[in-house]
1. What does the helix-only formula give at 222 nm for the chain: each DSSP H stretch with n ≥ 4 adding -39500 (n - 2.57), the total divided by the residues, and the result rounded to the nearest 500 deg cm²/dmol?
2. Classify region 239-281: rounded, prolate or oblate, from the alpha-carbon gyration tensor (a ≥ b ≥ c, eigenvalue square roots; a/c under 1.5 rounded; otherwise prolate if a/b is larger than b/c)?
3. Quick one: order S211, S485, S186 from most to least accessible surface, probe 1.4 Å.
4. To the nearest 20 debye, what charge dipole does the chain have about its Cα centre, counting +1 at the Cβ of each Lys and Arg and -1 at the Cβ of each Asp and Glu?
5. When the Debye formula is applied to the Cα atoms of region 221-321, each taken as the same point scatterer, what base-10 log of I(q)/I(0) results at q = 0.20 Å⁻¹?
6. Among H536, L221, Y167, whose Cα projects farthest towards the positive end of the dipole of the chain, with charges put on the beta-carbon of Lys, Arg (+1) and Asp, Glu (-1)?
7. Post the alpha-carbon centroid distance, region 531-551 to region 336-359, in whole angstrom.
8. Leaving ligands and nucleic acids out of the surface, order I95, I408 by accessible area at 1.4 Å, largest first.
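The values are calculated or read from the model by the stated rules, or taken from the named source; none is laboratory data. On a predicted model such as this, the values are computed, not experimentally measured, just so you know. Positions of Cβ are backbone-derived with ideal geometry, glycine not excepted, and every protein chain shown enters the neighbour counts. Surface areas here come from the heavy atoms of the whole protein model, side chains and all, with no ligands, DNA or RNA. Shrake-Rupley method; radii C 1.70, N 1.55, O 1.52, S 1.80 Å.
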Amino acid sequence: MDHLINSLTRLSTHAALPVEPKSGQLVKGKVIQSLQDNKVVVNMGKKSVEAIVNQPLIKGSSYLFQVEQVEPALVLRTVSLSEARPGQLDLASLIKQIGVKENKDNLSLMKAIVDLKVPLHKKDLAQAFKLIQSSANQPLARELLLHIISRKMPIQSSVYSALSAKYTEEYSQVLSDVEQQLGKKSLSASDEKIKSMVQTLRAEQIPKSESATLNKLKYELMNGSSSTFELLKKAGIIDAKHTLSSFQQNWSHQNPGMDRLPFTKERVASSLQQLLQNQLPLSPSENQTIKQWVHTSEKLLSVWAQQPSNTDFHMVSQQTRRQWTETFRNVVAQNVMRRLTPHLQESTKLFIDKAVTLLGHDRGERNSFSRTEFRSFLSDMQNLIGKQVSIDQQKLLVHSLQSLSQNITLSDKDRMWLQMKAMMSRIGFNDEHVLAKAFKQTEAPVQTESSLKTLLLKGLNEGSEVKAETANRLINLINGTQLASYSDNPQTLQITLQFPGDFIGALKDVHMNMEGRKNDDGQIDSDYCHVMFYLHLSQLEETIIDLNIVERRVSVVVYNENPELEKLFKPYQKKLEEGLEIAGYELNSLRARVTSEVSKSTDSNKQEEAEEGVDIRI
């Protein structure tokens, strides 16, 4: 679950922008103080500014201003005066100024826009009304435009089309349309990639993908790819003693043509699966804390090893012991141990339990642990840290495991995790962020692996078997998912995602909403968050799964119309407990609610009916 939360948080870079007046913008403001020389203090949203105005204004009244100048002093021109009642704007006058017909709907929309208190140019206002009037579904268009303005997005047809697709299209359907159009035709290399990606996103078995993956591994090892080499070393497929050069020499000696890999596909699949299971569900700051702890552990053992064999822990220098204790205390304070424990040997778990009891007992160090115990603990931690993969290696790990999955038995959890990671990396959600980051880091041309969105855009320019209308639908849906996915404020984050439901047997897309407080990395704190999944399953049909996480204790509520819901999920209860425990969580409660009963409740009996729901306490 931590992997999913961390990955989803990294998807978006669309933080809200501060409200700063710009020349030409229209902005609503309230006069809170009158000064001399036509100067006033105006409250605009959450900010109060001093400005020069073109006429006397009434303190306590609201006006619509146009920004005429920002520097050296802010100059505002009054566009519409407040009417008799303070705070009420001359909306009709403003509508006429942008060339829009005055009617009830337009006045209502203008009021809703002005109430958002977001600075706008007149041309942006006119564009907003134009987009709504040209829409076949004006109520939806109105809501979309208000969302665009409130999020300070550009008021452009491309942004509107993307968000419109987000709320009217389904990945499951559009991907199916793309696959049907590609069919069994003879395809270009680009269209072959599109077809392969679509099949992956729909959780279909791809013909020849296994051999293609093995050939890719072989090619990259032959040509000196350090990322691939290190991944296979971390998985134990390549001996840890080898350098890239010595491995290639040994391989060439055994097979001069180097035309086949020096290990079987079964070994590659099983070793990569084990490597996947060894990945720690930690945020960047938690990873750094663990590495600091391991580093001070190495320093302590280095000092300890130079002393006589009978030297106890408490005889190591106090400064060295204090450094180790403080980094360990940080690990405990961040509640990281529960996520580490499933990956550690029993002897290491006992060592950590003993170390935790000593944190508050300085004098207890005389009865702490031996050098042998400490060396064993450090070896286990070094081995675990050494198995963690980089982001680039993780992409290769996911791709390889998906292609070789027929050679191993994947758990439902691992299969879902692989599918989610594949979707995030291949569909193109993060293209712009990756490119911007790459351009900042190097002046050389940026070479990136093509995403589905990139290939579709290429097809529109160079030709493709995918029809332009279908390609644009999918591109807009991807962009709309990006634009709608993220909401940020100083304390909390909210992420909304939509993805194909094929891989879990859902008839329609899976919609997910996640919100929670921020951690030190600016990501959702996986110890305290709220996650909701909206599903349309083949048998149960419409289903909502509500997860509330407090101090890593998970409360689950499943909503569905089926009166036999409790009997359906009860056999999986133990498996759910065990799976959460492995992930470092604890199941607090599991409840089933029949939605038809919930919807019938009235104000007088809501509390009574709520207590009649199936409630299984753990």
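1. -15000 deg cm²/dmol
2. Values: a/c = 4.10, a/b = 1.82, b/c = 2.26.
The shape class here is oblate.
3. Ranked list, largest accessible area first: S186, S211, S485.
4. 1220 debye
5. -1.00
6. Looking along the dipole axis, the top candidate is L221.
7. Going from one Cα centre to the other spans 34 Å.
8. I408, I95
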